[in-house]
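**Q** There's a structure below that I have some questions on.
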Amino acid sequence: MRITRYAAAIAATGVVLAGCSSDAGETTEDAAGGGAEVAEDVSFDEGTTMAELAESGTITVGTKFDQPGFGLAGPDGVPEGFDVEIAELIAAELGIATDDIEWVETVSANRESFIQNGDVDMVVATYTINDARKELIDFAGPYYEAGQDIMVAAGNPLGIEGPDDLAGQNVCSVEGSTPAEEIRTNYPEATLTLFDVYSKCADALRNGQVDAVTTDNVILTGLVAGAPDEFELVGNPFTEEPYGIGITKGDDEFRSFINDTLEASFEDGSWAEAWDRTAGAITGTDAPEPPSVDRY
């Protein structure tokens, strides 16, 4: 059913492409769309973000709406994917069901500002942890590690095998992303074309406006899965991209709570099950080993 809904979503959107912990009591299976059990009778220290969210019964989460397997809005406008289910797991530990999550579309360029301005409570959106971003916000995680790769037209007519082959080529990525900065800084011989979302890069590659698309391999794999006769993945990752959950800078209690929740999901299998239902279902890949959480 999940695979069918992803296919419908891809067609509809045109993507061819240590702190305070929960005192959870009983749990219920009603809730997170991926199957996470929602904790009941949760209790958190007064004044913490967890207590405020649990009392309100809702949480606002920023995620991508155009990335198959991680965050893709379906025909009903509700996103699905691995990032979405990771957010659902965290919400469930706060006693918040999926139906009570408010999803906000975030693109690479606005994630920090949405967190800083209080537009979202957290961002789960293929969000690479790096030192520059940690000057502005805090990260929990990582919960997944990707690597930057390259998508080309099917048959790879230009023979692009890695980033060194991008010299003289028109390469598409998105504004505010680490892959775009990687090309700008380390492969300046390439011409960089930037959009706000990767689905526009996929359209540009299909139409011959660009020669290649570069971003994290799992994002590109999702786009290739949506149009295998048009695109292919070079399959030569050349960076490490640890995905984290962005929250307000200085909220150590919330960061520790999310890290606790992530580690529990690694151990009880719910993280792997979320992968298998989402990114794994459309890419045909088994869940990898989860990364080590960085409690900086």
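**Q** Considering only segment 46-183, what is the antiparallel percent among its DSSP beta bridges, to the nearest 5?
**A** Details: 4 of 11 bridges.
Counting DSSP beta bridges with both partners in segment 46-183, the antiparallel share is about 35 percent.
**Q** Between residue 186 and residue 58, what is 0.36 nm times their sequence separation minus the Cα-Cα distance? Round to one decimal in nm. Intermediate values should be presented prior to the final figure.
**A** On the way: separation 128, 0.36 × 128 = 46.08 nm, distance 4.24 nm.
Taking residue 186 through residue 58 to full extension adds about 41.8 nm, to one decimal.
**Q** Here is a follow-up. Excluding residue 250 itself, calculate the net charge of residues whose Cβ lies under 13 Å from the Cβ of residue 250, where each Lys or Arg counts +1 and each Asp or Glu counts -1. Walk me through the numbers on the way to the answer.
**A** Working: positive: 134, 249, 255; negative: 135, 138, 251, 252, 253.
Result for the local shell: -2.
**Q** Can you give me the distance in nm between label points at residue 41 and residue 286, each placed 7 Å from the Cα along the Cα-to-Cβ direction?
**A** My value for the distance between the label points is 4.0 nm.
**Q** If I model a spin label as a point 7 Å beyond the Cα along the Cα-Cβ vector, how far apart are those points for residue 76 and residue 119 in nm?
**A** Calculated label separation equals 2.5 nm.
**Q** Would you tally the net charge around residue 241, using a Cβ to Cβ cut-off of less than 9 Å, leaving residue 241 out, and scoring K and R as +1, D and E as -1? Don't skip to the end; give the middle numbers.
**A** Details: positive: none; negative: 145, 216, 240.
Around residue 241, the surrounding residues sum to -3.
**Q** Can you tally the net charge around residue 142? Count Lys and Arg as +1, Asp and Glu as -1, for every other residue whose Cβ sits under 11 Å from the Cβ of residue 142. Walk me through the intermediate numbers first.
**A** Numbers: positive: none; negative: 145, 240, 241, 294.
That works out to -4.
**Q** Now a separate question. Counting only DSSP beta bridges with both residues in the chain, what percent are antiparallel, rounded to the nearest 5? Don't skip to the end; give the middle numbers.
**A** Working: 22 of 36 bridges.
Roughly 60 percent of the beta bridges in the chain run antiparallel, per DSSP.
**Q** In terms of Cα to Cα distance under 22 Å, which lysines are near enough to residue 200, apart from those fewer than 8 places away along the same chain?
**A** 64
**Q** Also, quick follow-up: Which semi-axis lengths, in whole Å and largest first, follow from the square roots of five times the eigenvalues of the Cα gyration tensor of segment 98-161? Mind dumping the intermediate values first?
**A** Values: eigenvalues 183, 51, 28 Å².
Working through the eigenvalues yields semi-axes of 30, 16, 12 Å.
**Q** Given the Cα-Cα distance of residue 295 and residue 109 and 0.36 nm per residue of separation, how much length would full extension add, in nm?
**A** On the way: separation 186, 0.36 × 186 = 66.96 nm, distance 2.54 nm.
Full extension of this stretch gives 64.4 nm more.
**Q** Could you list the GluC sites (Glu not before Pro) in segment 87-139 that lie in coil according to DSSP, counting only those with at most 12 other Cβ atoms within 10 Å of their Cβ? Write down the numbers at each step before the final one.
**A** Details: sites: 88, 93, 102, 105, 112, 135; in loops: 135.
Here the sparse-neighbourhood loop sites are 135.
**Q** By what distance, in whole Å, do the Cα atoms of the chain stretch along each of the three principal axes, largest value first?
**A** The principal-axis extents, from largest down, are 59, 41, 31 Å.
Since every read-out is calculated from the coordinates, none of them should be taken as a lab result. Please read these numbers as outputs of a predicted model, since none were measured by experiment. Glycine also receives a Cβ, built like all others from the backbone with ideal geometry; neighbour counts cover every protein chain displayed.
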